[in-house]
Structures are given as structure tokens and as C-alpha cells.
């Protein structure tokens, strides 16, 4: 087997091997079982709660959970807006970088609050160290928010009738201190040893062999990069993200960073199995997610490794595959693998230029974001998947001749209504946003010519990608799109905001309503949700609801490009 | 059986349904069905475009647009026809039952008691009101539903049940109801009218079928929301395609947009949804079960626990006496004499079977001052007092208490006999004379053939069966094991049934039961599905949510299957409808863009002839699949008790995979056909 492919297989095998014990550990944390980190963190947790005056043992219902989530996020959002628009005079700004414009500050704050990390700026020149630190805080908070609310959903799925679904603040703090902090710390240490900067000093200057003076941006990058990967945030310290040698110095760090993308999303699926004591259900969910991921990643790697036919026509050998926009130290397979990892998890960090990928790889990356639940973002990936489970349970339940039930709770009109609204939100925002941009551009190409350096099918893909990335809270860019304009800043900002919170509110509401319903014991006539047959049904629902709705749009973008090129 | 009409499309019904299909185009009626309502809007837009194309060719030729308009109209009519034919069939079925209650003369009387022929006035049945009394003699048709106030009669109920054997109905007790349209064969009864004209269960059911009072059931509402959601998704897909196409400089005609939209939204299930619901009630009616709401049928499919009376359901009719066991030292002849005397006035089938077994005419004994003691729930024994003798027969513990209270020991040997009979599935009746045990009578049950298999079938559906019996626990267990029920309630009193139902419901299960007596009414009302027998008391019929015209206690099993079929038919056709989208996308999307972007020919995997033929084929397929599936919607998807997982696998394979493949073949074939005309 080709070494490049072997590397990819090894990365996947390692992440699963790590995710299984991590899932168990996360499950223990949410079950409030004893873990070895308790000694260190119990006093720390107590200190937080004492300072804030929160009673972590107070049970909350689903509405209180959502209220806690939204208010904490809102407070931090205001703080972030303030820092980003006043960086120039705030401390920790050795490079004298300017403050952000209001629309960019809005976009960036929304982007980091919502775990998207869409960046319409470049970190080297666009942020002070204070700005970087406030965004790094966000990378912890938004990830912990996702994990905590996922824990609420797990709690609601238990076999009992209740309104009490644990305490949001307690889940949130536990997610920060016991999951994100230790792992991110370990990751940062490895990165530092491999050369990623970790300093508060300003730019370094050196004289190159050619005698030219070069300035190198530095800062607290290692800490930033580690949580960026781990929390499916994806916002790079530097503009080029993980393709920059400072962020991702070598193949070893590339392995580490790739593993970090998938680690918690997969571990949370296993954590669900542990919390509910339903290993088979977890395996079913993992199986469906993996099947979907493989459908995207295998052809993507195939097309990238086979090179670009347009270049082949020029008689140029492409032994390394399609290398335009890729780093030689990673190669085409690892870059394609990263591309699908980062888009199917709502991470959004990149180690290669997605704009330069062959058309179908670009399409698979977009489908990853359009589905947004083949592992998905930390916590929210499972929550997105939960919506598809509810829809599949409803259709499947009817097919076996019973009022549909999921884990002993009847799925009725109200739940179906919420699930359907959430399911159609994603197409609405991606297609609606792209339609608005297309409408503006098609009506007045001269005015908006700064948007697209590449009109035609590829330009369409760039716009579609941008909205997919915003709506999936992914944050990666196809690039090539002139996106630091008020239109793109506001439109994508709004999409990110709605696409972050509505798909949290909906599933939590469903889970909360189901939790308060009467528990119905299983019988031979009950639809089993932990079987491969049901897995196939969910997969079909995802394929038809989530993927097929984008078929017309994809036809005019990557598919048209593919059929013209090949 | 009876009124079953095997042909799905009777000529007169089809004619009526065709007429209704046009009436239902009224947007006010259409609005109830969001999916088809959007199709109607699309059809209307196409009409305008067609008229516009008379003046300009910008949207394609007149013929092209007109064809699409016709196809969409046809789609609507097909959907309406599905609903109309289901309604017509339901109505025809109900009418055939209603025919039995055409105007008949009623002999109204002013009071019960001494009836003089001149106190009777003959009025048309339509003038009878609730509470009126009328009487019927041999040969009369009973003019209205009611409860016998006085008398006993043999009645021919074949007009309703199709069963030719006459039945006995009498005042008091649990078989006191008579139905309008049935015929009195012998004797004479006075009947009290229980419902006003037009308000009988049958009338209510007809109203349910006709749509006037048809309410969507909870699952139907949820499914409608799901389908409306899908429709919204495709509205988004279609509308956003316009600016996309503008960006790509690919003009798309309005006809193409509307074709794409109509093909993608779930019109197949949207068009058949209400037909499926009506057909479910209709199937219940064909099984001679009147349902009071569509919801009851649906709930039947969810049943987890089934409460069944032993007698008549699990065992044939009644127990029969099979052995006499005199106590030690008791003369057999004397024992038999006592037994016969005690059963003299016992009109229960058990009592009669004792006389049969003894083979002695009780009147051959001379007894003076005989006083018969009736069976009561408190004493749980019956018997006779004469001269200085008191003979009692009854349940072992009742007689035991009786004899022990009087200071007489209950013989061990009798106790052993009782246990032995019980554990063999028999029912022991202990007989005492002057509070001293003199022997035991053995009664035996005969289990219905085939009942074990039916319970096995229920178990595979995930339904727990519970036998309710007045027998002692040992007997009950024996019969329960032999018949294969999962649980039993022995020595059941009416409140035991109620408690059992409440207990199961508290644990989240849905319970169904069948009953006829006034005693059963509270339990029937408590149960999630309560089926009352038509012969039962009015109270029972009011309390339940279904009435079985056949008085067949095993009917519950059929009702459950009808409920499951109803849900399954909805689920499978939804799956089929949505799965069809895959092929439709591959037919329509290349057709929309191929002229402007020829390289997209690679997406035309079905190799359809031209964009026009591709669009036409997809729309034609979308329209004709509705009538093709009407028979399935009306008959229902066959339910097989193979467990939920196997059932899902099977249905997913047939309707899911089938739903992906069938339109590929169908659209291709239509394309070959259509392109030969273009």
C-alpha cells in the first residue's frame, strides 16, 4: 500500500483507538463518577461556583438550560465585540495592529462565539495578542458550550420521565476543566516542541540568505492551535491556518492536528453509549457517521492523488497527485483527508487551499458541511444527528405499524414539527444566502466584481462554499472570494448566528419534551433503533433530506466544473 | 363474510368518485392537504402561463405549456379520486348496513306493564325518540336500536352480522341490546329506544367516513407536518434555483420550475394520505366493527396488552360437568340426588350440564317447600333449601368457609380432589348438605382449536395476552398454559380488570379489552381500546370506542392488525414517495441545464432523449403513480407478525429500495414512449 494512504489509515485508526477510552472518560464525567482528575479539579470547580454564586447541584429543565446557554454566550459576545474593536489601544499589542471595523468585529465575534471561526481577516496583521487571546478563550467556551448541551441531550435520553436534566453550568465547567483543558494542554506542549511559537514578544526579524530583511509574526500560537483543532473551532492563528509552517510544522504535528479534529466528536458518540448504557446504539450512530464520512473521504483522496487532468494534458507528470495549493510536507492524500475531516466536523481549519482542490473534492467538502453530522462539531454534531434520528424514527415507526417511539418515548406531532423546522433551516440558509449573492452578482457583475476572481462555475462554488461553511459553523473558506465586505460580513454573520443557536434550541427542546413524556417499555413490536437496518434508514434520510436538497446547486458549481474538466 | 365486496372499483362507485374528484378541486377543500394544495397553486400558475404562451413564445410553445397544465391537473384529479373512491367505498359499506334501518312501522306503547292492544300506536320508525318504548312480536323488524325492557326473544341478526343462526336476547343481564333492522323470530319483547335517529354509532361512523366530521388522527397530523416540511424544503430548492440559473446564464422556463417542484414534493403520499385513513376505517367496518373515531383504529395498532375473557374467547362456550366425586363414606346415589336438586333451578350452562351428566329428571324427586338460592357474587354459591335440608354448591373456598363457620371440618381428601381437578384445568364445584361437604363436581373447559397459534401471532407482534377468568388460580394457570396466554387474572372481579388495566397503563403500556356487561363499562372506558359487543348493554357500548357487530370475542386481534396496517401503509408509502426523488432529480436536473451546459450530459445517467421528454416523463410518472398505488392504499400493506426489526428490513427493502429503483425504470420507459411522439 502507498505510504500516503497508510498514513491516512493510521491517523483514522489512532483517533478511534483514542476516542473509545476518551468516550468512556467523558461518560464518567457526565455521570458524575469518580475520575483521577477529580483531586485537581474539584477544588477548582468549587472555587468557580463560589465566586459566581452558582449552585451547581440545582437541576434545570430544558428551557432553563437554553436560557443559561444563551445568556452566558451573549455576555461573552459583548466582551468580544469590545476587545476586537478596541485592540489598538488595549494592552498586549507589540506589533501595533489596528482595531477591527464594526462589521468585521461583528462577523469575527459571531464567528468565534458560534464555534465557526470563519475569518475575514488574517491573524498576523488583523489581531493583537489580546485579540488572539480573547478568541482563544472563545475556542474553549464555544466548544464547552457544545459539549455541555450535548450532555443535557444525553441526560434527556435516559429511560425515565423527568423535567430535571442536570445543571448547565456544572456540565459546562466540567467540559472545560476535565476534557478540553488537559487535552489541549498536552497538544500545545507537543506543538511547542515541534517549533510552533509560544511567546508574548513581538515580530522576529531576520536577514535571509538573499540578504533581505524578513519579519516573522509570533505570539501564543501553540496554545491557540491546540484548542482550535480540539474544539472543532478551526480559526487559525495565522491567515493560512494549518498550512502555515508555524502552525503546523511537520508531518508529525499534522498527524496530531488531524487526530484532534475527530477526537472529541467521535468520543462523544461513545460517551452517549456509556451514559445511556446503550453500547449498541452508540455503535449504530458511529457506524452511520463513519459510512457517510467514508463516502466522502475515499473519492476525495482518490481524486486528489490522481492529479488534475488539465495539468496532465500539458504533459506534466503528477506523481504526487494534484499539488496545487498543497504543502509538500503533507502530500495530496493527507491534505484531502484533512479537507474532509475538517468539513464534516465543522472544524474548518485547513492545511491546504480548498479552492485548489479538484472539483469533486470541493463538492465532498461541501457535502460534509451540508450534512454537518458525519461526526460533526463537538457536541453539536451529535445534536444535529439527533434530528435525523427523530425523523428516521418517525418514518420507521410508521413502517412497522406503531406510533413511533424513540428510547421508550412517543414521537408525536410537536417533535416532528421542531425536527422538520431544524432540518429545513440548513438548506434555507445555504441556498437562500447563495441565492441572494447570486442574484446581486448576476444583476450587476461590474459592481460586485471584487467578490469573484473566478466567475463561472468555480465562482458559484466559492459563494456556495462560503454559506455552507457559515451555516455549518465550519469556518473554512474556499477562498478566492473577496469576503471582507459589509455584505459578506453581515450575511455570513447572521447565518452563523442563526445556524449556531436554532439547531441547539430545536433538538434540546425535542429531547426535553421527550424526557417529560411517559416511558413506554420496549416490546417485540417496538422499532429497535440500535440495529443496522435502522442505521440504513437514518443514512437514507440524511442522504435524501440533507444531501439531495443541494443537488441542483451542486450541479451548477462543482459538478458542472467536473464535467467540463474531465 | 356478509357485506364484503371484493371488487375494489365497482362501476357505480367509480362514477361517483370521478364526479367528486372535480368537486374536490375547490381550494377550500384542497387547503386541508398542504402538499396537494401547493400542486394546485402550481397548476393555476401553469394555466396562466399557458394562456400567456398564446401571445408570446418566451415561456415555450402553447402546446408544451398546455401539456404540463393538463398533467398537473391530472395529478390533482388522481389524488382527489383516491380520496373520493375511499369515501365512496366506505359510504357504500355503511349504506348497506343502514339499509337495514329503513322506515319500518314501530309499535309504540305508552308504558311498561299491562299492555292492551289499544294502548299501542303504530308510527314510522323515524318518529321514535330516545326513551320511547315499543314492542315487537315474532316476524317484526325491530325499528330502532334499543335495550330490552321486558321479555325474551330469539332474533335473526343476519342482516347485520351475516350469521344465520338466531340469537337469544333478554331483558336484564348482558345480552339485552337489540339493533334496528334485525328481525324477531319468536316471542315478544318490549324495547326502550336508546339513541335518537341519526345518532346511532353507525350514523356517527358514516359521518366519519364522509369527511364532514373526519378529524385527522394524531399520527396523521404528525405525518402531514413532515410532508409539509418536505414541501417547504423543495419550495426553497426551487425558488433559489432561479438566481442560480441567472448567475449561470441558464434560462429555465416556468413550466420546468413547476415540474421540478411538483415532482420533488411528496405528492404520492400527499395524494393518498386521506384515502389510507378512510380505508382503515372502512376495513374495520368490513370486519363488522364500528369505530367511534379514526383515532381508535390507529391506537389499536399500538396496543401492548390484550385483555381477553376466557369464556367464549379462549374456551368454547361454557364449562361442562365431567365427573362426580362423592366424599369419603358418602353414598354416590345420594350425592347425585343432592347435586341434581341443587342444580334444578340453575339456568347457567354449567348447571344444565350437571343435569345432563346425571341423566336424571329433577322432577322425579319429590321435594316440598323448595326454595331456590340464587348465585351471588358475595356467597359465590347457589343451591336449594327444602324441608330441613340445605344444599349448596359453589367454589371450594366459599363452601369451605360455609362449612367451617358451621363447625364442620373441610375434609382433606376433598381438598386434595379440588387441587387435583384445578391443576388439570378443571373447575371444582364443592357440594355441601347442611354445611357438611358431601362431594365435588368436576367441570372442564374446552380450549378453542387454533387459539394457541393466534396468541403466538400476537406475541410476535409484541402484544401480551391476558386471560380474565372467574376460575381459581390453579385452573386459570392450567388453561393459560394450554392456550398459550402470557398472563391471567384468576377469580376476577370487575374491579380486578380495572386495576390490571390501570397498572399496565401506569407502566406506559396501551391496553385493549373486549366486554359486554354493564360491569365491564368502567374498564372499557379506562382501556385505550375498548371493544363492546353489539349484544352487550348500552352502558358497555357507550363506554367502549368500538362496537363489534359480530359479538366475536377474538375480533380484537383483527382490530389490532387493521390498526397496524393503517400506520404501515402510511409509513411505507411515505418512504416510497420520498425515495422516488432520487430518480426524479436525475431526470430533471440535467434536463434543466443541459442546453446551456452541454457537458452536464454526463449527469443524464438514464440517457433520456431530450430535456422536454425528460421533464414530461418525470411529471407523467409522478401523476400516474398515484392511481397505480390506490389499490395498495385501499387494501393496506400486508402486516406480517415477524417482529419489528424484520418488518422494517422487509418494508425498507420493498418500499425504500423499490422506491429508488421503480421510478428509474418507469421514467425511462415513459421517455421511450413519449419521445416517439415529440
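Read the figures in this text as sums done on the coordinates, not as results from a lab. None of these values were measured; they are calculated from a predicted model. With ideal geometry, Cβ positions are generated from the backbone for all residues, glycine too; neighbour counts draw on all protein chains shown.
Each of B:665, B:236 was scored by other Cβ atoms within 10 Å of its Cβ. Arranged with the fewest first, they read B:665, B:236.
Other protein chain C-beta atoms within 10 Å of residue C-beta, averaged over B:301-314: 2.
Let me check against my output: what whole-number percent is the relative contact order of the range A:3-565, with C-alpha pairs under 8 Å and at least 6 apart? Walk me through the numbers before you get to the answer.
On the way: 1022 pairs, mean separation 108.8, N = 563.
About 19 percent, as a whole number.
Among B:145-156, A:472-483, B:506-517, B:330-341, the peptide with the highest mean count of other Cβ atoms within 10 Å heads the list, and the full ranking is A:472-483, B:506-517, B:145-156, B:330-341.
Taken along the Cα-to-beta-carbon direction at a fixed 7 Å, the label points for residue B:610 and residue B:412 span 10.4 nm. Considering all different alpha carbon pairs of the protein assembly as shown, the Kirkwood hydrodynamic radius works out to 35.1 Å. Peptide B:580-593 has a mean shielding of 3, counted as Cβ atoms of other protein chains within 10 Å of each residue's Cβ.
Sorted from longest to shortest, the spans of the Cα atoms of the range A:187-269 along the three principal axes equal 54, 24, 22 Å. Among beta bridges identified by DSSP and lying wholly in the protein assembly as shown, the antiparallel ones come to about 80 percent.
When all alpha carbon pairs of the range B:236-308 are counted in 5 Å bins from zero, the resulting P(r) reads 3, 12, 15, 13, 9, 7, 7, 8, 8, 7, 6, 3, 1, 0, 0 %. Estimated from the Cβ-Cβ distance and a Förster radius of 51 angstrom, the FRET efficiency linking residue B:363 and residue B:295 is about 0.35. Modelled spin-label separation between residue B:624 and residue B:120, with each label point placed 7 Å from Cα along the Cα-to-Cβ direction: 6.4 nm. Computed from the alpha carbon positions, the gyration tensor of chain B leads to an equivalent ellipsoid with semi-axes of 66, 29, 17 Å, biggest first. Mean projection of the Cα convex hull over all viewing directions, computed for the range B:472-518: 3.9 nm². Normalised radius of gyration (Cα atoms, divided by 2.2 N^0.38 Å) for the range A:243-329: 1.52. With contacts taken as Cα pairs under 8 Å at a separation of at least 6 residues, the range A:12-163 carries a relative contact order of 19 percent. Quick one: if the Förster radius is 35 Å, what FRET efficiency do residue B:56 and residue A:454 give, using the C-beta to C-beta distance and rounding to 0.05? After rounding to 0.05, the efficiency reads 0.45.
Evaluating kT/(6 pi eta Rh) at 25 °C and 0.890 mPa s, with the Kirkwood radius of the range B:1-91 over Cα pairs in the Stokes-Einstein relation, gives 167 µm² s⁻¹. Both radii are taken from the alpha-carbon atoms of the range B:517-624; with Rh as the Kirkwood radius, Rg/Rh is 1.46. A convex hull fitted around the alpha carbon atoms of the range B:187-303 yields 143 Å³ per residue. A simple spin-label model places the labels of residue A:36 and residue B:371 9.0 nm from each other, with each point 7 Å out along Cα-to-Cβ.
In whole angstrom, the range A:371-528 maps to an equivalent ellipsoid with semi-axes of 40, 14, 12, each derived as √(5λ) from the alpha carbon gyration tensor and ordered largest first.
Per-residue shielding of A:507-519, expressed as the average number of other chain Cβ atoms within 10 Å of the residue Cβ, stands at 1. The Cα atoms of the range A:371-429 cover 33, 22, 17 Å along the three principal axes, with the biggest extent listed first.
So for the range A:140-188, Kirkwood radius off the Cα pairs, Stokes-Einstein at 37 °C and 0.692 mPa s: how many µm² s⁻¹?
Here the translational diffusion coefficient equals 286 µm²/s.
With the cut-off at under 19 Å, measuring from each backbone N in the range A:217-235 to a point 7 Å along the Cα-to-Cβ line of residue A:14 picks out A:222-223, A:225-232. Per-peptide packing, taken as the mean over residues of other Cβ atoms within 10 Å, places B:416-422, B:266-272 in the sequence B:266-272, B:416-422 from highest down. Could you work out the relative contact order of chain B? I mean the mean sequence separation of Cα pairs under 8 Å and 6+ apart, divided by the number of residues, in percent. Normalised by residue count, the contact order of chain B is 14 percent. Inter-part distance, the range A:485-524 to the range B:30-97, computed on C-alpha centroids, equals 37 Å. Between the range A:345-416 and the range A:270-300, the C-alpha centres lie 11 angstrom from each other. With Cα atoms as the point set, the radius of gyration and Dmax of the range A:3-565 evaluate to 22.9, 79 Å. Sorted largest first, the spans of the alpha carbon positions of the range A:107-249 along the three principal axes are 73, 32, 22 Å.
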